[in-house]
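Accompanying notes for the structure given below.
The values are calculated or read from the model by the stated rules, or taken from the named source; none is laboratory data. Source: prediction; values computed, not measured. Cβ: placed from backbone, ideal geometry, glycine included. Neighbour counts: every protein chain shown.
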2 protein chains.
Amino acid sequence: MNKNPRKSTLKDVAALSGVSVISASRVMRNAPNISKALREKVEEAAKTLGYQRNRIAGSLRGQATELVAVIVPSMSNHVFPNIMDGIDDALEGSQLRQVLGMSKYDAATEEAVLRDMLTWNPAGVILSGLEHTDATREMLAHFSGPIVEVMDVDGDALDLAVGVSMKESGTLIARHLFEEGYRRIAYVGAWGERDIRSLKRRVAAEAELERLGAPLVTSVIMNEASSPQIGADGVKQLLAIDRNIDAVFFANDDLALGGLFYCQAQGLDVPNDVALVGYNGLDICQSISPRLTTILTPRYEIGRRAGDLIRARISGADAISDRTSHLDIQLLKGGTT
Amino acid sequence: MNKNPRKSTLKDVAALSGVSVISASRVMRNAPNISKALREKVEEAAKTLGYQRNRIAGSLRGQATELVAVIVPSMSNHVFPNIMDGIDDALEGSQLRQVLGMSKYDAATEEAVLRDMLTWNPAGVILSGLEHTDATREMLAHFSGPIVEVMDVDGDALDLAVGVSMKESGTLIARHLFEEGYRRIAYVGAWGERDIRSLKRRVAAEAELERLGAPLVTSVIMNEASSPQIGADGVKQLLAIDRNIDAVFFANDDLALGGLFYCQAQGLDVPNDVALVGYNGLDICQSISPRLTTILTPRYEIGRRAGDLIRARISGADAISDRTSHLDIQLLKGGTT
DNA sequence: ATCTTCGTTGGTAACGTTGTCATTACTTTT
DNA sequence: AAAAGTAATGACAACGTTACCAACGAAGAT
């Protein structure tokens, strides 16, 4: 199995079909002005030899790499896989491919991964959020292709940004809880709050609650990766600190879901004893009963637009009107508030 | 922003530090036998110029690409992101990177994506399942690097395989339901059963139920991608066909979860009126109440091993004892059976 | 003092493709 | 029928790196 004396190259194809290497090249990449006869000869030879293009060689000569570096914090919740689905669909039909890296919610790791990625000379870069190390910014300042920062639009984009406002998200959660009459509100986060986007939401919500006259009672930040189990643990800790809390908002739906089940298991009445709000609008949380009150983020759409922007830029459309695409979020009122 | 007159190359670094290009190259890739003086000169020059390696050029000369092609069906449930997390961790410390493609549970798409991927001359290939088109097999037969097929081990691997047995999974589900006393058992699938692995499980379960004398009553295959909503719809259809069903097993946990909530909403007693079994062991389904009876698949571990195998092979360890790594599954008995 | 050996450095030639320009063959125009 | 285009093909060099081999000097062996 798996032996190949030597891969055949354009040279072989050219030799077999009796044409020049460059003509063979033109046929293989569908360049214009090729006679039908030539095309057929070359295509047949290529087929006989099982010829495969070598894009490494092509990229070296041609500069453009047709690789898009995508750096996400993690795959452990649905957010980034959904974004990548969108990117994949946007890139379909182009020759572009995603090369993947994970930063684990750590800016220094992001920097290292980016440094490595750039050695592949990618055509574009997609990364998460607007916060990066100075070295990351420096590297990207010298990068000549499109750069899209996804998820967060509260701040200055390096180049292009697609996402939703964390500030708006946090504020919306705070207002909703206040309007529904809750006054003793707490927060549960995870990842040691290294996820800057959830931190921004918490801060915005806290500020809004302050403004409304119902300041955040307390918060529990779990150090672990977010999961339902950690959400349950978080609520448990919260209630141990203060049993009079009447609402909890979570960094995301996974945590909230765990919190919800914990409360139910404890015999608490949700939302009368305690109200719960998540973030993201995962469909799993919309199929349970009571449905989780949460904020729907257009994750697929964000990925899709990011991919579209990369393509647009690469194909020369330099005139992208808005550097920042601010997408809308939507409060999904469920039965937990 | 984003202009770069010209990226500096090894030649520039060599010129600035007054050494030969090849020496600069050796310093940049930590080759042995470099004097300290030379190393320092070169590193300083590289820093001054902001030199970045160009691995496209390096790969062309050196053959090895340090890219691993990863083709998964979809990112829409947790299975493949979890596997990719495992791969990423396994690849950490090497210079290898994942290049991503999605087949959408379609063998022809897989073929097209693979064809494209191979033009990047990857060092290894990871793909899902053991079923591929003839053309895919043909391409892979000519591929010289390691090939790992993940998730399924029921069949012959092209090269290496890591996963669990679908047959064993299906049989285990059937036995469990039978042992718990259920006799009127039905099945709900999705993706139009284009996911061959869930099909294999269904077939195995069906055979075992037949053998045990409690043949499958009926099954509903939804055409859509699997989601809780589709699972709920599936159960609804099932109960419309036959109200006497006493147990349902699902192609996966997402469907089962939706089914569970649907049954609860309909006022059915789970598991007394109807028992439910999922597949995968997603943690979200283990934090709800009742916990979902399901089969835990070691997804992260599968990715991890796949990555380890790729690395081992690339670094010359040709002596991999077992071509197929058959990992264990585990029945998680929850409150739904 | 001469011969090895080894650590260190350099020169040359690829790797497989494609951009650029040149050339040939074939139309169309006047 | 000559001039002027245009379509089709080819030659060459280059992209930035590294494999391979050669060469140098210094240290150790004889």
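Exactly one condition in (1) buried (at least 18 other Cβ atoms within 10 Å of the Cβ); (2) over 23 Å from A:L296 (Cα atoms); (3) touching a Leu at 6+ places or on another chain (Cβ under 9 Å) is not met by A:V79; state its number.
Status for A:V79: all satisfied but (2).
Taking the options A:L292, A:L238, A:L260, name whichever one is more than 25 Å from the chain's Cα centre (by Cα) and surrounded by 24 or more Cβ atoms within 10 Å (Cβ to Cβ).
Working: A:L292 fails: more than 25 Å from the chain's Cα centre (by Cα); A:L238 fails: surrounded by 24 or more Cβ atoms within 10 Å (Cβ to Cβ).
Just one listed residue meets the conditions, A:L260.
Kindly evaluate A:K7 against the criterion of being within 13 Å of chain B (Cβ to nearest Cβ), surrounded by fewer than 15 Cβ atoms within 10 Å (Cβ to Cβ) and away from DNA strand D (no atom under 13 Å from the Cβ). Spell out how you get there, then give the answer.
Numbers: within 13 Å of chain B (Cβ to nearest Cβ): yes; surrounded by fewer than 15 Cβ atoms within 10 Å (Cβ to Cβ): no; away from DNA strand D (no atom under 13 Å from the Cβ): yes.
No.
What single numbered condition from (1) part of a loop (DSSP other than H, G, I, E, B); (2) farther than 20 Å from A:Q229 by Cβ; (3) polar (S, T, N, Q) fails to hold for B:S289?
For B:S289, the failing item is (2).
In the stretch A:201-218, what residues are crowded, with 21+ Cβ neighbours inside 10 Å and touching a strand residue (DSSP E or B) at 6+ places or on another chain (Cβ under 7 Å)?
A:R202, A:A205, A:L209
Quick grid of which residues meet (1) within 14 Å of DNA strand C (Cβ to nearest atom); (2) of a type in the set (D, E, K, R); (3) surrounded by 11 or more Cβ atoms within 10 Å (Cβ to Cβ):
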position	(1), (2), (3)
B:D12	no, yes, yes
B:P32	yes, no, no
B:A37	yes, no, no
B:T48	no, no, yes
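Condition first: over 24 Å from B:M117 (Cβ atoms) and either touching a His at 6+ places or on another chain (Cβ under 8 Å) or outside any helix (DSSP H, G or I) (or both). Now tell me which residues in the stretch A:16-60 satisfy that. First the steps, then the outcome.
Taking the stretch A:16-60 first, the residues over 24 Å from B:M117 (Cβ atoms) are A:16-23, A:32-41, A:44.
Once the filter is applied, which keeps residues that are over 24 Å from B:M117 (Cβ atoms) and either touching a His at 6+ places or on another chain (Cβ under 8 Å) or outside any helix (DSSP H, G or I) (or both), the stretch A:16-60 yields A:G18, A:V19, A:S20, A:P32, A:N33, A:I34, A:S35.
Could you please find all residues in the stretch B:208-219 being without any contact (Cβ under 8 Å) to a residue 12 or more places away in the chain, part of a loop (DSSP other than H, G, I, E, B) and on the phi < 0 side of the Ramachandran plot? If you could, list the steps in order and put the result at the bottom.
Taking the stretch B:208-219 first, the residues without any contact (Cβ under 8 Å) to a residue 12 or more places away in the chain are B:210-211, B:213, B:215.
Next, from what is left, pick out any that are part of a loop (DSSP other than H, G, I, E, B): B:213, B:215.
The answer is B:P215, and nothing else.
Quick one: would you say A:T48 is β-branched (V, I, T), over 28 Å from A:V164 (Cα atoms) and more than 14 Å from DNA strand D (Cβ to nearest atom)?
On the way: β-branched (V, I, T): yes; over 28 Å from A:V164 (Cα atoms): yes; more than 14 Å from DNA strand D (Cβ to nearest atom): yes.
Yes; evaluated as a whole, the condition is true for this residue.
Based on this model, can you work out whether B:A69 counts as within 12 Å of DNA strand D (Cβ to nearest atom), under 27 Å from A:G145 (Cα atoms) and either away from chain A (no Cβ under 14 Å) or not in a helix (DSSP H, G or I) (or both)? Don't jump to the end; show me each part of the working.
Values: within 12 Å of DNA strand D (Cβ to nearest atom): no; under 27 Å from A:G145 (Cα atoms): yes; either away from chain A (no Cβ under 14 Å) or not in a helix (DSSP H, G or I) (or both): yes.
Judged against the criteria, B:A69 is not a match.
Here's the yes/no breakdown for (1) of a type in the set (G, A, S); (2) crowded, with 17+ Cβ neighbours inside 10 Å; (3) on the phi > 0 side of the Ramachandran plot; (4) in contact with a helix residue (DSSP H, G or I) (Cβ under 7 Å, 6 or more places away or on another chain):
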residue: B:L91; (1), (2), (3), (4): no, yes, no, yes
residue: B:Q98; (1), (2), (3), (4): no, yes, no, yes
residue: B:Y105; (1), (2), (3), (4): no, yes, yes, yes
residue: B:A108; (1), (2), (3), (4): yes, no, no, no
residue: B:E111; (1), (2), (3), (4): no, yes, no, yes
residue: B:R115; (1), (2), (3), (4): no, no, no, yes
residue: B:P122; (1), (2), (3), (4): no, yes, no, no
residue: B:G129; (1), (2), (3), (4): yes, yes, yes, yes
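Can you pull out the residues in the stretch A:51-66 that are near DNA strand D (Cβ under 8 Å from one of its atoms) and more than 30 Å from the chain's Cα centre (by Cα)? Lay out the reasoning, then the answer.
Just the residues of the stretch A:51-66 that are near DNA strand D (Cβ under 8 Å from one of its atoms), to begin with: A:57, A:60-63.
The answer is A:A57, A:R61.
Looking only at the stretch B:133-150, decide whether some residue is away from chain A (no Cβ under 14 Å), at negative phi and surrounded by fewer than 23 Cβ atoms within 10 Å (Cβ to Cβ).
yes
Pick out, from the stretch B:77-187, the helices (runs of 4 or more DSSP H) lying fully within it that include 1 or more residues that are basic (K, R).
Working: elements: B:79-91, B:107-118, B:134-141, B:166-179.
Result: B:107-118, B:134-141, B:166-179.
If I filter the stretch B:188-207 down to residues being closer than 12 Å to B:T218 by Cα and assigned to a helix (DSSP H, G or I), which single residue comes out as farthest from the chain's Cα centre (by Cα)?
First pass over the stretch B:188-207, keeping only residues closer than 12 Å to B:T218 by Cα: B:188-189, B:202, B:206.
Subsequent filtering for residues that are assigned to a helix (DSSP H, G or I) retains B:202, B:206.
Numbers: B:R202: 20, B:E206: 25 Å.
Residue satisfying both the conditions and the ranking: B:E206.
May I ask you to list pairs of residues, at least six apart or on different chains, whose Cβ atoms are under 7 Å apart, with the first in the stretch A:46-70 being assigned by TED's automatic domain parsing to the domain that holds A:L16 and farther than 26 Å from A:D88 by Cβ and the second being among the hydrophobic types (A, V, I, L, M, F, W, C) and away from DNA strand C (no atom under 12 Å from the Cβ)?
As it stands, the answer is A:T48/A:L16; A:L49/A:L16, since those pairs meet every condition given.
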